[in-house]
Amino acid sequence: MRYLSTRGLPDDPRPTFSDILLEGLAPDGGLYLPESYPRLDAATLASWRTLLETGGYAALAHAVLSLFVDDIGSDDLRGICERAYNDTVFSSPEIVPVSPLSGGLWLAHLSGGPTAAFKDLAMQLLGQLFEYELERRDQELNILGATSGDTGSAAEYAMRGLPRVRVFMLTPAGRMTPFQQAQMFSLDEESIVNVAVDGVFDDCQDLVKAVAGDLDFKRRYSLGAVNSINWARLVAQVVYYVAAWLRVTSADDERVSFCVPTGNFGNIMAGHIARMMGVPIDTLVLATNENNVLDEFFRTGVYRVRGASETHATSSPSMDISKASNVERFVFDLLGRDAARVRELFGVRLPRDGFFDLSGTPEFASLRERFGFVSGSSTHADRLATIAAVWARDGVLIDPHTADGVGVAASFAEPGVPMIVTETALPVKFAETIAEAIGREPERPPRFAGIEDLPRVVVPLPNDVRALKTLIAERVPA
């Protein structure tokens, strides 16, 4: 299995999985994807159903990842999966259990990890992969990432204690919930550097890309990525689409749909990959909040990023994103993997004009038929009503981002086709909104007791590339 960049030329070198694991962005500014997606036959799908039942989630992860990773020995990869996915790390031995809701909906529970968010499912694997590959190469890695709420804490809890890894995590100052801030900023470890940027998440993401784009600086300080621009994180998420489909169905040709709350398009991009591989997915429903750049694109064909003043601070803050990195990967597939067109759109038009328009293209006209995508958006009032309704009707308490998904899913549910909503986090991370919806705060798992009262360690930083480079240079030993 070899990989290419969404902006690459036909004669570009094709790196292996382990090569791109430590890279993040491709040198040309594009994002890595496999040269082609593996195709699943009926026998493989049937074998995976048996494998999940007998070997559990780690065994399924090993089988799925083996299709994309052929430069790590099978036994070593199996060990990596077993260390990442077990009931000492996750709260349920199923890792990703499912449960029914009213109206033909299902919840895929993705919040059982150390930081109570779906990001743990990819980050725990990524931490194990980093440790393995850095040991094999006798190297160190300085991770530079950006978070709108959950990626940062998941990365830091997965990477802390790894002797060859240091983490620089950028956050938008004042934009996360008190719980999210406490979860990250209370980590007082030399290898973890939390940075509060004077700006919104998109500013943080732009800083990461700008530094990663300076190839000399990137190599000098051994910079890598844990955001969903990193292919390894994305492919880890494919596994839970397979697991959720298997757990909701009883026949190997039974189709399901997924509704995915998303801001940076990484989570639903993994669903797209699963569908392209041949997992029987009917519809992929994209759900956004008031920051509806992605919903607008899938409805109209116009992808228009918003500036900081147009990016709303909402009650589902992890989706307060107006520049979705992973949409470039999907557009690459949408346009028949035409790297020249992708370079023009994302390397020229978007930076110059702030938007591009595919509405008149035949590719966009056939988007629903070819790729199964539909979309919708949710407001604060919508998510409050959804949280209250699900609690009253099903006795299940969901977080605001999951509520965005449940609310949008209801518009696209079809009789006879299970609609699986990918849960994003435990409600405790968003207690203020939960209290507004149902009149009381959610129960708090004992491991999170008093977290907001812990001392905090965070570095304030202006929205300036030079300031970020100076910080990295000061913290990384020469």
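So, with +1 on the Cβ of K and R and -1 on the Cβ of D and E, and no other charges, what is the size of the charge dipole of segment 202-352 about its Cα centre, to the nearest 20 debye?
The dipole magnitude comes to about 460 debye.
What ranking do Lys323, Lys119, Lys469 get, fewest neighbouring Cβ atoms within 10 angstrom at the top?
Lowest to highest Cβ neighbour count: Lys469, Lys323, Lys119.
Select from His401, Gln180, Phe364 the residue farthest towards the positive end of the dipole of the chain; place +1 on Cβ of Lys and Arg, -1 on Cβ of Asp and Glu, and compute about the Cα centre.
Farthest towards the positive end: Phe364.
Can you give the Rg to Rh ratio for segment 229-368, taking only C-alpha atoms and Rh from Kirkwood?
My calculation of the ratio gives 0.98.
At R0 = 35 Å, how high is the FRET efficiency between Arg370 and Ser102 if r is their beta carbon distance? Nearest 0.05 is fine.
It comes out at approximately 0.65.
How much of the DSSP beta bridge set in the chain is antiparallel, as a percent to the nearest 5?
Rounded to the nearest five, the antiparallel share is 25 percent.
What size of dipole, in debye to the nearest 20, comes out for the chain about its Cα centre when the only charges are +1 on Lys and Arg C-beta atoms and -1 on Asp and Glu C-beta atoms?
420
Once you charge only the Cβ atoms, +1 for Lys and Arg and -1 for Asp and Glu, what is the size of the charge dipole of segment 167-256 about its Cα centre, to the nearest 20 debye?
Using Cβ point charges on Lys, Arg, Asp and Glu, segment 167-256 gives about 160 debye.
Sorting check: for 393-400, 324-331, 151-158, which peptide has the highest mean count of neighbouring beta carbons within 10 Å, and how do the rest follow?
151-158, 324-331, 393-400
What is the ratio of the Cα radius of gyration of segment 162-239 to 2.2 N^0.38 Å, with N the residue count, to two decimals?
1.20
Assuming 0.36 nm per residue, please report the length gained on full extension of the stretch Ala210 to Glu53 beyond their Cα-Cα distance.
That works out to 52.0 nm of additional length.
Would you calculate the separation in nanometres between label points at Ala308 and Glu35, each defined as 7 Å from the Cα along the Cα-to-beta-carbon direction?
Between Ala308 and Glu35, the label points sit 4.4 nm apart.
Round to a whole angstrom and tell me the spacing of the C-alpha centers of segment 164-224 and segment 258-292.
26
Starting with the fewest neighbours, write out Val342, Val96 ranked by other beta-carbon atoms found within 10 Å of each beta-carbon.
Ranking Val342, Val96 by Cβ neighbours within 10 Å, fewest first, gives Val342, Val96.
At each listed q (0.09, 0.11, 0.16 Å⁻¹), what is the log10 of I(q)/I(0) that the Debye formula gives for segment 321-478 modelled as equal alpha-carbon point scatterers?
For segment 321-478, the Cα-only Debye profile gives -0.55, -0.79, -1.08.
Of the options Trp106, Pro10, Leu51, report the single residue whose Cα projects farthest towards the positive end of the charge dipole of segment 1-124 (beta-carbon charges: Lys, Arg +1; Asp, Glu -1).
Trp106
With a Cα-only, solvent-free Debye model of the chain, what are the log10 I(q)/I(0) values at q = 0.13 Å⁻¹?
-1.28
Distance in nm between label sites at Arg299 and Glu344, each 7 Å beyond Cα in the beta-carbon direction?
It is 2.8 nm.
Cross-chain or 8 or more residues apart, Cα under 20 Å: how many lysine pairs in the chain fit that? Count them up, please.
6
How far is it, in nm, from the label point at Glu441 to the one at Ala251 when both lie 7 Å from their Cα along the line to the Cβ?
4.9
Hey, what does the equivalent ellipsoid look like for segment 66-183, semi-axes from the Cα gyration tensor as sqrt of 5 times each eigenvalue, largest first, whole Å?
They are 26, 22, 11 Å, listed largest first.
Contour minus end-to-end for Asn86 and Glu140, with contour as 0.36 nm per residue of separation and end-to-end as the Cα-Cα distance?
16.8 nm
I'd like to verify something in the chain: which complete DSSP H helices, judged by Cα projection on the helix axis, reach 20 Å or more and average at least 1.0 on the Kyte-Doolittle scale?
Helices passing the filter in the chain: 231-248.
Beyond 15 Å, how much of the Cα-Cα pair distribution for segment 354-418 remains, as a whole percent?
64
log₁₀ I(q)/I(0) of segment 1-160 at q = 0.08, 0.14, 0.15, 0.19 Å⁻¹, via Debye over equal Cα point scatterers, no solvent, to two decimals?
Rounded to two decimals, the profile gives -0.28, -0.86, -0.98, -1.40.
Suppose only helical runs count, i.e. DSSP H with n ≥ 4. What mean residue ellipticity at 222 nm does that imply for the chain under -39500 (n - 2.57) per run, divided by all residues and rounded to the nearest 500 deg cm²/dmol?
-12500 deg cm²/dmol
On the first, second and third principal axes, largest extent first, how far apart are the outermost C-alpha atoms of segment 115-203 in Å?
39, 24, 24 Å, listed from the longest principal axis down.
Work out how much length Ala43 to Ser359 would gain on full extension: take 0.36 nm times their residue separation and subtract the Cα-Cα distance, in nm to one decimal.
109.9 nm
Using a Förster distance of 41 Å, how high is the FRET efficiency between Arg219 and Ala392, based on the Cβ-Cβ distance and rounded to 0.05?
0.15
Quick note: the coordinates plus some simple rules give every number you see, no bench work behind them. Remember, it's a predicted structure, so these values are computed and weren't measured experimentally. Here Cβ is always computed from backbone atoms with ideal geometry, including for glycine, and neighbour counts include all displayed protein chains.
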